[in-house]
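Taking it in order: structure first as structure tokens, then the write-up.
The values are calculated or read from the model by the stated rules, or taken from the named source; none is laboratory data. Because the structure is a prediction, the values reported are computed rather than measured. Note that we place each Cβ from the backbone using ideal geometry, even for glycine, and neighbour counts take in every protein chain shown.
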Amino acid sequence: MQPSGRVMNLRQVFVSVLMFGVAGLFLFMYLQAWIEEHHTASGEKLQQQIINQDSKLQLPEDLAMAPKNCTAANLSKRQTSVINSRHSREKARPLIEVASSLVRQLSEQQKMTKSFLNQLKQVNLPPAVRPLNKSLIIDGRWKTTDEAQEKRRSFLYDFCKKYNRENRLRTHLLHMVSRIYVEDRHKILYCEVPKAGCSNWKRILMVLNGLASSAYSISHDAVHYGKHLKKLDSYDLKGIQTRLNTYTKTIFVRDPMERLVSAFRDKFEHPNSYYHPVFGKAIIKKYRLNAQEEALKTGSGVKFKEFIQYLLDSHRPVGMDIHWDQISKLCYPCFINYDFIGKFETLEEDANYFLQLIGAPAQLKFPNFKDRHSSDERTTMEVVRQYLKELSRTDTQLTYDFYYLDYLMFNYTTPVV
């Protein structure tokens, strides 16, 4: 090869490497700016939306609500990022002409991505509330209970129909059904809401499934740690879809503030080998000034005010827990069209009516005993008010706001603060 040819090849290689580097630099700058603006549309959520689309389940848009305010720290971080980005662009200005074609291609790709996302968002509500099969109801004693049930179902459906336009689907199907227990004999799906009668409901499911002869003979540990019941996410996609479409789906809910206080009393006011070392230690360490060494070591003695500080903190030292997470995030009532909505406030009446509807054995009645700490006073609104006295007016309002969707969905009255 002639020297001139070698020089020409070296020049071509150099130019190619330079162009590749410039393109990579500009691509990085572009993606950095794009990610700043569209950080919520992550690749993982897009993949989850695609999976949901492939499942052919017609689901409504999500009811997860965006935070109302940004913190000063977040604003400062974003401003810093913008400044750095502008500084990088100034340095790269001579190279803009070289990479302009790449920008145009990326812009077109961005438009295509937005178009595809918009297509994925065109999801529909489940079919209108289907009639309950009441052929097994043999007497008129359930008239009042039935009327209340129909009002709850219609109210929830209307709520979801009204609010789904403003929200987006962001959750994987398997996650949405991960709290749902399956009883195949009587074709029941029960979504577990902790502190709303869930322990006794799981006892009932075990009896219906032939795993026990009486709900009263099943211990607390057998209910929660025995793994005798299957969850809906353990089935394949076809099995999940079939059961969602054909089984009777039920959910039992409770006034959000009552449920919260009940969870706090259960997990933090009694010895607990999990919640004290995992949650208690982290809460005391972050929110208690001059905490004593013993409290930091054991995590015992968390105060309700400290617990609320943890709950409202966007940077919690430890994650959420199902005992105080929102029902809207546990059971997804606007995605899964529940056939029966029971309330803790009328638990026995609603539960026994439901057992009649699904053809349970006549002798099977919903148990009325307290699962644990039976000597404690039940958590009522009067008890709740005593705990709220520890909070400032602002924290009380923020706590209500945290459960705002649950209050709306199930037509609970939000107390005036």
First in the stretch 270-297 and on the phi < 0 side of the Ramachandran plot, second anywhere and among the polar types (S, T, N, Q) and assigned to a helix (DSSP H, G or I), Cβ under 7 Å, 6 or more apart: H276/T298; Y287/Q309
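Does the stretch 235-259 hold any residues that are of a type outside the set (A, V, I, L, M, F, W, C) and part of a helix (DSSP H, G or I), and which are they? Break it down stepwise before answering.
At the first step, the residues of the stretch 235-259 found to be of a type outside the set (A, V, I, L, M, F, W, C) are 235-236, 238-239, 241-243, 245-250, 254-256, 258-259.
The answer is K238, G239, Q241, T242, R243, N245, T246, P256, E258, R259.
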Within the stretch 170-216, which residues are farther than 25 Å from S273 by Cβ and small (G, A, S)? G210, A212, S213, S214, A215
When L364 is evaluated against the numbered criteria (1) more than 28 Å from the chain's Cα centre (by Cα); (2) over 30 Å from N133 (Cα atoms), which criterion, by number, is the only one it fails? (2)
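Filter the stretch 308-342 for residues that are of a type in the set (G, A, S) and crowded, with 18+ Cβ neighbours inside 10 Å; which is modelled with the highest pLDDT?
Of the residues in the stretch 308-342, the ones of a type in the set (G, A, S) are 314, 319, 328, 342.
So of that shortlist, the ones also crowded, with 18+ Cβ neighbours inside 10 Å come out as 328, 342.
Working: S328: 93, G342: 98.
Checking each candidate, the answer is G342.
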When both residues are 6+ apart or on different chains and their Cβ atoms are under 8 Å apart, which pairs have a first residue that lies in the stretch 305-332 and is closer than 19 Å to L405 by Cβ and not assigned by TED's automatic domain parsing to the domain that holds L388, and a second that is modelled with pLDDT under 95 and hydroxyl-bearing (S, T, Y)? S314/T71
Checking D371 against (1) farther than 19 Å from V223 by Cα; (2) acidic (D, E); (3) in contact with a Ser or Thr (Cβ under 7 Å, 6 or more places away or on another chain), which test does it fail? (1)
Between a residue in the stretch 185-210 that is on the phi > 0 side of the Ramachandran plot and any residue that is among the polar types (S, T, N, Q), which pairs come within a Cβ distance under 8 Å, given they are 6 or more apart or on different chains? K187/T246; K187/T248; K195/S262
